[in-house]
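The values are calculated or read from the model by the stated rules, or taken from the named source; none is laboratory data. Since the model is a prediction, treat every value here as computed from it, not as a measurement. Here Cβ is always computed from backbone atoms with ideal geometry, including for glycine, and neighbour counts include all displayed protein chains.
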Amino acid sequence: MENIRTPIVCMLGHVDHGKTTTLDKIRGSTVAERESGAITQHIGATEIPIDIIDNLCGPLLNKEDFKVPGLLFIDTPGHHAFTSLRSRGGSLADIAVLVVDATDGFQPQTEEALDILKRYKTPFVVALNKIDKIPGWQTTQNSPFQKSITKQKNKTQTKLEEKIYEIVGNLHEAGFQSERFDRVKDYSNTVGIIPISAKTGEGIPDLLMVLVGVAQQYFQQNLIVETQKPGKGTVLEVKEEKGLGKTIDVILYDGVINVGDQILIGSHQNPIKTKIRSLLKPKPTQEIRETGQKFQKAQKVDAASGIKIVAPNLDNVFAGYPFQVINNQNEQKIKQEMQSQVNEILIETETSGVIVKADTIGSLEAIVKDLKESNINIRKATIGDVSKRDVVEAETIEEKLDRVILAFDVNTIPEAKKHAKNKDVEIFTSKVIYRLIEKYEEWVQEIKQKRE
Ligand code: GDP
(Lines give C-alpha, C1' and ligand atoms only; values in the text may rest on other atoms or scores of the structure.)
Protein backbone atom coordinates (compact mmCIF):
# COMPACT_ATOMS: atom_id res chain seq x y z
CA MET A 1 0.00 0.00 0.00
CA GLU A 2 1.30 3.43 -0.82
CA ASN A 3 0.42 6.92 0.21
CA ILE A 4 1.85 10.41 -0.06
CA ARG A 5 3.41 11.67 3.10
CA THR A 6 3.20 15.17 4.52
CA PRO A 7 6.04 17.45 3.37
CA ILE A 8 8.29 18.77 6.13
CA VAL A 9 8.73 22.55 6.28
CA CYS A 10 11.38 24.53 8.17
CA MET A 11 11.63 28.31 8.74
CA LEU A 12 14.92 30.11 8.15
CA GLY A 13 16.02 33.72 8.21
CA HIS A 14 17.90 36.46 10.01
CA VAL A 15 17.31 36.92 13.72
CA ASP A 16 14.22 39.05 14.52
CA HIS A 17 12.89 38.90 10.97
CA GLY A 18 9.82 37.07 12.27
CA LYS A 19 10.30 33.29 11.98
CA THR A 20 8.70 32.53 15.34
CA THR A 21 5.85 34.99 14.88
CA THR A 22 5.10 33.56 11.44
CA LEU A 23 4.97 30.04 12.84
CA ASP A 24 2.70 31.23 15.65
CA LYS A 25 0.43 32.98 13.20
CA ILE A 26 0.20 29.89 11.02
CA ARG A 27 -0.84 27.89 14.05
CA GLY A 28 -3.11 30.67 15.25
CA SER A 29 -4.96 31.24 12.01
CA THR A 30 -5.41 27.56 11.45
CA VAL A 31 -6.64 26.98 14.99
CA ALA A 32 -9.32 29.58 14.24
CA GLU A 33 -10.54 27.47 11.34
CA ARG A 34 -12.16 25.00 13.68
CA GLU A 35 -15.05 23.81 11.61
CA SER A 36 -12.78 22.28 9.00
CA GLY A 37 -10.95 20.14 11.53
CA ALA A 38 -8.08 20.68 13.88
CA ILE A 39 -4.38 21.10 13.44
CA THR A 40 -2.47 18.13 14.80
CA GLN A 41 0.13 18.88 17.38
CA HIS A 42 3.13 16.58 17.07
CA ILE A 43 6.21 16.38 19.23
CA GLY A 44 8.41 19.21 17.93
CA ALA A 45 6.22 19.89 14.93
CA THR A 46 2.76 21.07 13.90
CA GLU A 47 0.70 19.55 11.13
CA ILE A 48 -1.66 21.71 9.10
CA PRO A 49 -4.03 19.44 7.17
CA ILE A 50 -4.92 20.30 3.59
CA ASP A 51 -8.60 20.84 4.54
CA ILE A 52 -7.65 23.76 6.74
CA ILE A 53 -5.39 25.28 4.11
CA ASP A 54 -8.19 24.83 1.61
CA ASN A 55 -10.64 26.65 3.87
CA LEU A 56 -8.23 29.49 4.53
CA CYS A 57 -7.45 29.96 0.87
CA GLY A 58 -10.99 29.61 -0.36
CA PRO A 59 -11.24 29.66 -4.14
CA LEU A 60 -7.50 30.04 -4.53
CA LEU A 61 -6.89 26.41 -3.86
CA ASN A 62 -8.56 23.61 -5.69
CA LYS A 63 -8.16 20.83 -3.19
CA GLU A 64 -8.98 18.11 -5.69
CA ASP A 65 -5.82 18.96 -7.58
CA PHE A 66 -3.62 18.42 -4.57
CA LYS A 67 -2.41 15.08 -3.40
CA VAL A 68 -0.28 16.42 -0.55
CA PRO A 69 -2.18 15.71 2.70
CA GLY A 70 -0.95 18.84 4.52
CA LEU A 71 2.21 20.47 5.79
CA LEU A 72 4.33 19.50 8.78
CA PHE A 73 6.06 22.56 10.25
CA ILE A 74 9.11 21.98 12.44
CA ASP A 75 8.43 24.02 15.60
CA THR A 76 12.04 25.14 16.04
CA PRO A 77 12.96 27.77 13.49
CA GLY A 78 16.48 28.65 12.37
CA HIS A 79 19.49 27.41 10.45
CA HIS A 80 20.65 25.33 13.29
CA ALA A 81 17.50 23.23 13.34
CA PHE A 82 17.61 23.04 9.57
CA THR A 83 21.19 21.83 9.28
CA SER A 84 21.22 19.52 12.27
CA LEU A 85 18.06 17.77 11.15
CA ARG A 86 19.38 15.65 8.36
CA SER A 87 17.99 12.78 6.44
CA ARG A 88 20.20 10.64 4.31
CA GLY A 89 21.53 12.80 1.51
CA GLY A 90 20.29 16.17 2.66
CA SER A 91 18.14 18.14 4.98
CA LEU A 92 15.17 16.67 6.72
CA ALA A 93 13.09 19.61 5.57
CA ASP A 94 11.56 19.12 2.14
CA ILE A 95 10.84 22.82 1.76
CA ALA A 96 12.06 25.94 3.54
CA VAL A 97 10.49 29.31 4.18
CA LEU A 98 13.08 32.07 4.14
CA VAL A 99 11.65 34.89 6.24
CA VAL A 100 12.91 38.37 5.28
CA ASP A 101 11.91 41.55 7.13
CA ALA A 102 10.65 43.92 4.42
CA THR A 103 11.94 46.94 6.32
CA ASP A 104 15.36 45.46 6.97
CA GLY A 105 16.08 43.52 3.77
CA PHE A 106 18.86 40.99 3.28
CA GLN A 107 21.11 40.52 6.33
CA PRO A 108 24.09 38.24 7.06
CA GLN A 109 21.97 35.34 8.26
CA THR A 110 19.73 35.69 5.20
CA GLU A 111 22.82 35.15 3.05
CA GLU A 112 23.91 32.30 5.27
CA ALA A 113 20.50 30.68 4.91
CA LEU A 114 20.71 30.95 1.13
CA ASP A 115 24.12 29.27 1.17
CA ILE A 116 22.69 26.44 3.21
CA LEU A 117 19.65 26.08 0.95
CA LYS A 118 21.91 25.98 -2.09
CA ARG A 119 24.13 23.34 -0.56
CA TYR A 120 21.23 21.12 0.44
CA LYS A 121 19.38 21.86 -2.80
CA THR A 122 16.24 22.54 -0.78
CA PRO A 123 13.42 24.32 -2.60
CA PHE A 124 12.21 27.38 -0.75
CA VAL A 125 9.91 30.37 -0.85
CA VAL A 126 10.55 33.84 0.55
CA ALA A 127 8.07 35.23 3.07
CA LEU A 128 8.58 38.98 2.85
CA ASN A 129 7.43 39.78 6.36
CA LYS A 130 6.28 42.87 8.32
CA ILE A 131 4.54 44.49 5.37
CA ASP A 132 2.27 46.17 7.92
CA LYS A 133 5.26 48.38 8.71
CA ILE A 134 5.49 49.70 5.20
CA PRO A 135 4.13 53.25 5.51
CA GLY A 136 0.54 53.62 4.47
CA TRP A 137 -0.09 49.93 4.21
CA GLN A 138 -3.68 48.97 5.05
CA THR A 139 -4.60 45.46 5.95
CA THR A 140 -7.66 43.91 4.46
CA GLN A 141 -9.05 41.41 6.91
CA ASN A 142 -9.74 37.86 5.83
CA SER A 143 -9.05 38.60 2.25
CA PRO A 144 -6.59 36.52 0.33
CA PHE A 145 -3.62 38.68 -0.33
CA GLN A 146 -3.64 38.10 -4.02
CA LYS A 147 -6.89 40.03 -4.29
CA SER A 148 -5.88 42.86 -2.02
CA ILE A 149 -2.59 43.40 -3.77
CA THR A 150 -4.23 44.04 -7.09
CA LYS A 151 -6.81 46.35 -5.52
CA GLN A 152 -4.22 48.61 -3.97
CA LYS A 153 -3.44 50.97 -6.76
CA ASN A 154 -1.75 53.54 -4.64
CA LYS A 155 1.65 54.58 -3.43
CA THR A 156 1.77 51.81 -0.87
CA GLN A 157 1.59 49.18 -3.51
CA THR A 158 4.42 50.82 -5.37
CA LYS A 159 6.42 50.85 -2.16
CA LEU A 160 5.72 47.16 -1.64
CA GLU A 161 6.59 46.41 -5.25
CA GLU A 162 9.87 48.25 -4.71
CA LYS A 163 10.63 46.04 -1.73
CA ILE A 164 9.77 42.90 -3.67
CA TYR A 165 12.07 43.85 -6.51
CA GLU A 166 14.85 44.71 -4.13
CA ILE A 167 14.58 41.10 -2.92
CA VAL A 168 14.41 39.83 -6.51
CA GLY A 169 17.72 41.64 -7.06
CA ASN A 170 19.31 40.19 -3.91
CA LEU A 171 18.20 36.70 -4.85
CA HIS A 172 19.53 37.17 -8.36
CA GLU A 173 22.95 38.05 -6.94
CA ALA A 174 22.79 34.88 -4.89
CA GLY A 175 22.06 32.90 -8.05
CA PHE A 176 18.29 32.44 -7.80
CA GLN A 177 15.55 33.49 -10.15
CA SER A 178 12.55 34.85 -8.27
CA GLU A 179 9.25 36.65 -8.78
CA ARG A 180 6.21 37.84 -6.84
CA PHE A 181 4.37 34.59 -6.08
CA ASP A 182 1.20 35.34 -8.04
CA ARG A 183 3.25 35.83 -11.18
CA VAL A 184 5.25 32.61 -10.90
CA LYS A 185 4.35 30.06 -13.52
CA ASP A 186 6.68 27.28 -12.50
CA TYR A 187 7.99 26.99 -8.95
CA SER A 188 10.62 24.47 -9.99
CA ASN A 189 12.68 27.23 -11.61
CA THR A 190 11.47 30.37 -9.83
CA VAL A 191 11.45 31.25 -6.14
CA GLY A 192 8.10 32.75 -5.13
CA ILE A 193 8.11 35.84 -2.94
CA ILE A 194 5.02 36.12 -0.74
CA PRO A 195 4.43 39.43 1.07
CA ILE A 196 3.07 38.69 4.55
CA SER A 197 2.50 40.21 7.92
CA ALA A 198 2.92 37.73 10.72
CA LYS A 199 1.33 40.40 12.93
CA THR A 200 -1.94 40.89 11.04
CA GLY A 201 -2.05 37.55 9.25
CA GLU A 202 -2.08 39.13 5.83
CA GLY A 203 -0.63 36.79 3.24
CA ILE A 204 -0.48 33.75 5.53
CA PRO A 205 -3.06 31.78 3.50
CA ASP A 206 -1.12 32.58 0.34
CA LEU A 207 2.11 31.38 1.95
CA LEU A 208 0.45 28.07 2.84
CA MET A 209 -1.04 27.76 -0.61
CA VAL A 210 2.30 28.35 -2.32
CA LEU A 211 4.00 25.82 -0.04
CA VAL A 212 1.46 23.20 -0.99
CA GLY A 213 1.99 24.08 -4.65
CA VAL A 214 5.76 23.82 -4.33
CA ALA A 215 5.47 20.52 -2.48
CA GLN A 216 3.16 19.22 -5.14
CA GLN A 217 5.44 20.24 -7.96
CA TYR A 218 8.67 18.99 -6.44
CA PHE A 219 7.84 16.03 -4.38
CA GLN A 220 5.05 14.07 -5.87
CA GLN A 221 7.43 11.20 -6.51
CA ASN A 222 9.56 11.34 -3.39
CA LEU A 223 6.68 11.84 -1.05
CA ILE A 224 5.20 8.50 -1.87
CA VAL A 225 6.03 6.23 1.02
CA GLU A 226 5.04 2.66 1.57
CA THR A 227 3.37 2.55 4.91
CA GLN A 228 4.84 -0.89 5.54
CA LYS A 229 8.40 0.25 5.00
CA PRO A 230 10.68 0.27 8.08
CA GLY A 231 10.79 3.76 9.57
CA LYS A 232 13.61 6.27 9.17
CA GLY A 233 14.01 9.47 11.11
CA THR A 234 16.21 11.98 12.84
CA VAL A 235 16.62 12.83 16.51
CA LEU A 236 15.31 16.31 17.26
CA GLU A 237 16.09 16.41 20.97
CA VAL A 238 17.11 14.20 23.86
CA LYS A 239 15.02 14.85 26.96
CA GLU A 240 14.81 13.55 30.48
CA GLU A 241 11.13 12.97 31.32
CA LYS A 242 9.87 12.43 34.84
CA GLY A 243 9.18 8.74 35.38
CA LEU A 244 10.39 7.77 31.89
CA GLY A 245 14.12 8.50 32.04
CA LYS A 246 15.94 9.58 28.89
CA THR A 247 13.65 9.88 25.89
CA ILE A 248 14.20 11.08 22.34
CA ASP A 249 11.98 13.41 20.35
CA VAL A 250 12.27 12.41 16.73
CA ILE A 251 10.96 13.36 13.33
CA LEU A 252 9.98 10.31 11.32
CA TYR A 253 10.38 11.16 7.64
CA ASP A 254 9.87 7.81 6.00
CA GLY A 255 7.99 4.56 6.62
CA VAL A 256 6.46 3.46 9.90
CA ILE A 257 7.55 2.75 13.48
CA ASN A 258 5.82 0.44 15.95
CA VAL A 259 6.17 -0.15 19.66
CA GLY A 260 8.58 -3.08 20.01
CA ASP A 261 10.61 -2.24 16.88
CA GLN A 262 14.39 -2.50 17.08
CA ILE A 263 16.09 0.69 15.98
CA LEU A 264 19.66 1.60 15.18
CA ILE A 265 20.74 5.16 15.97
CA GLY A 266 23.82 6.36 14.06
CA SER A 267 26.26 8.22 16.29
CA HIS A 268 29.75 9.63 15.82
CA GLN A 269 31.05 6.63 17.71
CA ASN A 270 29.36 3.26 17.29
CA PRO A 271 25.73 3.02 16.23
CA ILE A 272 23.43 2.52 19.20
CA LYS A 273 20.91 -0.30 19.15
CA THR A 274 17.73 -0.13 21.16
CA LYS A 275 14.10 -1.22 21.23
CA ILE A 276 11.10 1.11 21.23
CA ARG A 277 9.37 0.71 24.59
CA SER A 278 6.65 3.29 23.94
CA LEU A 279 5.66 5.95 21.47
CA LEU A 280 4.21 9.14 22.90
CA LYS A 281 2.37 12.02 21.29
CA PRO A 282 1.04 15.19 22.93
CA LYS A 283 -2.42 15.11 24.49
CA PRO A 284 -4.84 17.78 23.31
CA THR A 285 -4.27 21.04 25.25
CA GLN A 286 -7.67 20.78 26.94
CA GLU A 287 -6.86 17.31 28.30
CA ILE A 288 -3.43 18.38 29.49
CA ARG A 289 -5.18 21.12 31.47
CA GLU A 290 -7.70 18.70 32.95
CA THR A 291 -5.48 15.71 33.65
CA GLY A 292 -2.04 17.26 34.02
CA GLN A 293 -0.71 14.54 31.75
CA LYS A 294 1.31 15.66 28.75
CA PHE A 295 1.40 12.55 26.60
CA GLN A 296 -0.77 9.83 25.19
CA LYS A 297 0.42 6.51 23.88
CA ALA A 298 0.50 5.42 20.26
CA GLN A 299 1.03 1.90 18.98
CA LYS A 300 2.23 2.83 15.53
CA VAL A 301 3.20 6.05 13.72
CA ASP A 302 3.48 6.85 10.00
CA ALA A 303 5.71 9.44 8.32
CA ALA A 304 5.90 12.35 8.45
CA SER A 305 5.48 12.76 12.18
CA GLY A 306 7.07 14.17 15.28
CA ILE A 307 6.99 11.66 18.12
CA LYS A 308 8.64 10.88 21.45
CA ILE A 309 10.36 7.51 21.76
CA VAL A 310 10.86 5.88 25.14
CA ALA A 311 13.64 3.30 24.99
CA PRO A 312 16.63 2.01 26.98
CA ASN A 313 20.25 2.82 26.10
CA LEU A 314 19.80 6.45 25.03
CA ASP A 315 22.65 7.92 27.08
CA ASN A 316 24.96 8.66 24.16
CA VAL A 317 22.35 9.88 21.73
CA PHE A 318 22.47 13.50 20.52
CA ALA A 319 20.25 15.75 18.44
CA GLY A 320 20.75 15.27 14.73
CA TYR A 321 21.54 11.57 14.85
CA PRO A 322 19.76 9.46 12.25
CA PHE A 323 17.80 6.36 13.18
CA GLN A 324 16.26 3.48 11.32
CA VAL A 325 14.16 0.43 12.10
CA ILE A 326 16.18 -2.76 11.62
CA ASN A 327 15.67 -6.50 11.54
CA ASN A 328 18.12 -9.37 11.96
CA GLN A 329 18.88 -9.54 8.24
CA ASN A 330 19.72 -5.92 7.51
CA GLU A 331 21.34 -4.84 10.77
CA GLN A 332 24.97 -5.08 9.58
CA LYS A 333 24.29 -3.37 6.30
CA ILE A 334 22.44 -0.47 7.91
CA LYS A 335 25.17 -0.15 10.55
CA GLN A 336 27.79 0.31 7.83
CA GLU A 337 25.67 2.75 5.86
CA MET A 338 25.03 4.87 8.94
CA GLN A 339 28.64 4.92 9.94
CA SER A 340 29.86 6.01 6.53
CA GLN A 341 27.21 8.73 6.49
CA VAL A 342 28.40 10.03 9.84
CA ASN A 343 32.12 9.64 9.08
CA GLU A 344 31.91 11.53 5.81
CA ILE A 345 31.90 14.76 7.68
CA LEU A 346 34.64 14.21 10.23
CA ILE A 347 37.87 15.49 8.74
CA GLU A 348 41.37 14.88 9.94
CA THR A 349 44.44 16.28 8.29
CA GLU A 350 47.83 15.76 9.84
CA THR A 351 49.72 18.98 9.64
CA SER A 352 48.24 22.42 10.22
CA GLY A 353 44.96 24.29 10.49
CA VAL A 354 42.42 25.03 13.20
CA ILE A 355 40.39 22.52 15.18
CA VAL A 356 36.61 22.77 14.78
CA LYS A 357 34.02 21.51 17.23
CA ALA A 358 30.25 21.59 16.78
CA ASP A 359 27.20 20.11 18.39
CA THR A 360 25.77 18.24 15.41
CA ILE A 361 26.91 16.74 12.14
CA GLY A 362 24.85 19.24 10.20
CA SER A 363 26.35 22.30 11.84
CA LEU A 364 29.84 20.85 11.56
CA GLU A 365 29.29 20.38 7.86
CA ALA A 366 28.06 23.96 7.48
CA ILE A 367 31.05 25.43 9.33
CA VAL A 368 33.58 23.32 7.50
CA LYS A 369 32.18 24.51 4.20
CA ASP A 370 32.22 28.17 5.24
CA LEU A 371 35.77 27.90 6.59
CA LYS A 372 36.96 26.35 3.35
CA GLU A 373 35.35 29.18 1.42
CA SER A 374 37.20 31.67 3.61
CA ASN A 375 40.45 29.76 2.91
CA ILE A 376 40.89 28.76 6.53
CA ASN A 377 42.67 25.42 6.92
CA ILE A 378 41.15 22.77 9.13
CA ARG A 379 43.20 20.23 10.98
CA LYS A 380 40.36 18.37 12.54
CA ALA A 381 36.56 18.70 12.81
CA THR A 382 34.53 16.68 15.28
CA ILE A 383 31.31 16.74 17.28
CA GLY A 384 31.10 17.40 21.01
CA ASP A 385 32.25 19.76 23.76
CA VAL A 386 35.78 21.18 23.71
CA SER A 387 37.78 18.67 25.76
CA LYS A 388 41.27 18.70 27.18
CA ARG A 389 42.25 16.30 24.41
CA ASP A 390 41.32 18.91 21.81
CA VAL A 391 43.47 21.50 23.56
CA VAL A 392 46.39 19.05 23.83
CA GLU A 393 46.14 18.48 20.09
CA ALA A 394 46.02 22.20 19.38
CA GLU A 395 49.02 23.02 21.54
CA THR A 396 51.30 20.88 19.38
CA ILE A 397 50.78 23.29 16.50
CA GLU A 398 53.64 25.69 16.06
CA GLU A 399 51.84 28.48 14.17
CA LYS A 400 49.86 30.63 16.59
CA LEU A 401 47.20 31.40 13.98
CA ASP A 402 46.39 27.69 13.80
CA ARG A 403 46.71 26.99 17.52
CA VAL A 404 43.03 27.63 17.69
CA ILE A 405 39.77 25.86 18.45
CA LEU A 406 36.58 27.16 16.83
CA ALA A 407 33.63 25.92 18.88
CA PHE A 408 30.10 26.21 17.55
CA ASP A 409 27.31 25.94 20.11
CA VAL A 410 29.20 23.57 22.42
CA ASN A 411 30.63 23.99 25.91
CA THR A 412 34.27 24.04 26.86
CA ILE A 413 34.91 21.81 29.83
CA PRO A 414 36.64 23.78 32.65
CA GLU A 415 39.78 21.64 32.58
CA ALA A 416 40.17 22.33 28.86
CA LYS A 417 39.70 26.06 29.39
CA LYS A 418 42.40 26.14 32.05
CA HIS A 419 44.79 24.11 29.95
CA ALA A 420 44.20 26.33 26.92
CA LYS A 421 45.10 29.40 28.94
CA ASN A 422 48.35 27.86 30.14
CA LYS A 423 49.34 26.60 26.71
CA ASP A 424 48.41 29.69 24.71
CA VAL A 425 45.64 27.98 22.75
CA GLU A 426 42.80 30.30 21.65
CA ILE A 427 39.23 29.06 21.90
CA PHE A 428 36.57 30.98 19.99
CA THR A 429 32.92 30.23 20.68
CA SER A 430 29.65 31.35 19.12
CA LYS A 431 26.15 30.19 18.37
CA VAL A 432 26.17 31.85 14.96
CA ILE A 433 28.48 30.50 12.26
CA TYR A 434 29.37 33.76 10.58
CA ARG A 435 30.09 35.38 13.95
CA LEU A 436 32.45 32.57 14.86
CA ILE A 437 34.39 33.00 11.63
CA GLU A 438 34.30 36.78 11.97
CA LYS A 439 35.73 36.60 15.51
CA TYR A 440 38.55 34.38 14.32
CA GLU A 441 39.33 36.53 11.29
CA GLU A 442 39.40 39.71 13.37
CA TRP A 443 41.82 38.10 15.77
CA VAL A 444 44.03 36.92 12.88
CA GLN A 445 44.15 40.49 11.55
CA GLU A 446 45.20 41.80 14.96
CA ILE A 447 48.01 39.27 15.28
CA LYS A 448 49.19 39.98 11.74
CA GLN A 449 49.27 43.72 12.40
CA LYS A 450 51.30 43.18 15.56
CA ARG A 451 53.76 41.10 13.61
CA GLU A 452 54.32 43.76 10.99
P1 GDP B 1 12.70 35.53 14.83
O2 GDP B 1 13.93 35.87 15.61
O3 GDP B 1 12.99 35.51 13.36
O4 GDP B 1 11.99 34.30 15.29
O5 GDP B 1 11.72 36.79 15.03
P6 GDP B 1 10.43 36.94 15.94
O7 GDP B 1 9.30 36.14 15.40
O8 GDP B 1 10.81 36.72 17.35
O9 GDP B 1 10.07 38.49 15.69
C10 GDP B 1 10.96 39.52 16.05
C11 GDP B 1 10.15 40.76 16.38
O12 GDP B 1 9.46 41.23 15.23
C13 GDP B 1 9.08 40.54 17.43
O14 GDP B 1 9.04 41.66 18.28
C15 GDP B 1 7.80 40.42 16.65
O16 GDP B 1 6.68 40.81 17.38
C17 GDP B 1 8.06 41.35 15.49
N18 GDP B 1 7.33 40.93 14.27
C19 GDP B 1 7.35 39.72 13.69
N20 GDP B 1 6.58 39.71 12.61
C21 GDP B 1 6.05 40.95 12.48
C22 GDP B 1 5.16 41.57 11.53
O23 GDP B 1 4.69 40.99 10.56
N24 GDP B 1 4.89 42.88 11.74
C25 GDP B 1 5.39 43.59 12.77
N26 GDP B 1 5.06 44.87 12.88
N27 GDP B 1 6.21 43.03 13.68
C28 GDP B 1 6.54 41.73 13.54
Within segment 261-281, residues being assigned to a strand (DSSP E or B) and not charged (D, E, K, R) number 9
Considering only residues that are surrounded by fewer than 23 Cβ atoms within 10 Å (Cβ to Cβ) and under 15 Å from the mean Cα position of the chain (by Cα), which ones fall in segment 96-109?
Gln109
Would you mind finding the one in Leu264, Leu252 that is more than 12 Å from Ser278 (Cα to Cα), surrounded by fewer than 21 Cβ atoms within 10 Å (Cβ to Cβ) and not small (Gly, Ala, Ser)?
Leu264
If we scan segment 423-430, do we find a residue that is surrounded by fewer than 20 Cβ atoms within 10 Å (Cβ to Cβ) and over 30 Å from Val15 (Cβ atoms)?
yes
Going by the conditions given, is Pro230 more than 21 Å from the chain's Cα centre (by Cα) and within 15 Å of the ligand (Cβ to nearest atom)?
no
Within segment 304-321, the count of residues that are in contact with a helix residue (DSSP H, G or I) (Cβ under 9 Å, 6 or more places away or on another chain) and over 20 Å from Thr360 (Cβ atoms) comes to 0
Counted residues in segment 190-227 being away from the ligand (no atom under 16 Å from the Cβ), in a loop (DSSP other than H, G, I, E, B) and modelled with pLDDT of 90 or more come to 1
Applying the selection to segment 239-260, what residues are assigned to a strand (DSSP E or B) and in contact with a Pro (Cβ under 7 Å, 6 or more places away or on another chain)?
none
Quick one: in segment 1-50, of everything that is among the acidic types (Asp, Glu) and modelled with pLDDT of 90 or more, which residue is nearest to the ligand (Cβ to nearest atom)?
Asp16
Go through segment 288-334 and give me each residue that's surrounded by fewer than 15 Cβ atoms within 10 Å (Cβ to Cβ) and of a type in the set (S, T, N, Q).
Thr291, Gln293, Gln296, Gln299, Asn313, Asn316, Asn327, Asn328, Gln329, Asn330, Gln332
Meets criteria (buried (at least 21 other Cβ atoms within 10 Å of the Cβ), at pLDDT below 90 and under 22 Å from Val225 (Cβ atoms)) for Ile53:
yes
Every residue in segment 111-151 that is more than 13 Å from the ligand (Cβ to nearest atom), farther than 20 Å from Leu23 by Cα and at pLDDT 70 or above, please.
Glu111, Glu112, Asp115, Ile116, Lys118, Arg119, Tyr120, Lys121
Cβ-Cβ under 8 Å pairs, at least 6 apart or on other chains, segment 194-209 side acidic (Asp, Glu), far side part of a loop (DSSP other than H, G, I, E, B):
Glu202/Thr139; Glu202/Thr140; Glu202/Ile196; Asp206/Pro144; Asp206/Ile196
Do any helices (runs of 4 or more DSSP H) entirely within segment 314-426 hold 1 or more residues that are in contact (Cβ under 8 Å) with a residue 60 or more places away in the chain and in contact with an Asp or Glu (Cβ under 6 Å, 6 or more places away or on another chain), and if so, which?
none
When only residues in segment 296-318 that are over 17 Å from Lys232 (Cα atoms) and modelled with pLDDT under 90 count, which is nearest to the chain's Cα centre (by Cα)?
Asn316
Which residues, taken from segment 76-110, are under 19 Å from Thr20 (Cα atoms), more than 15 Å from the ligand (Cβ to nearest atom) and not in a loop (DSSP other than H, G, I, E, B)?
Thr83, Ser84, Ile95
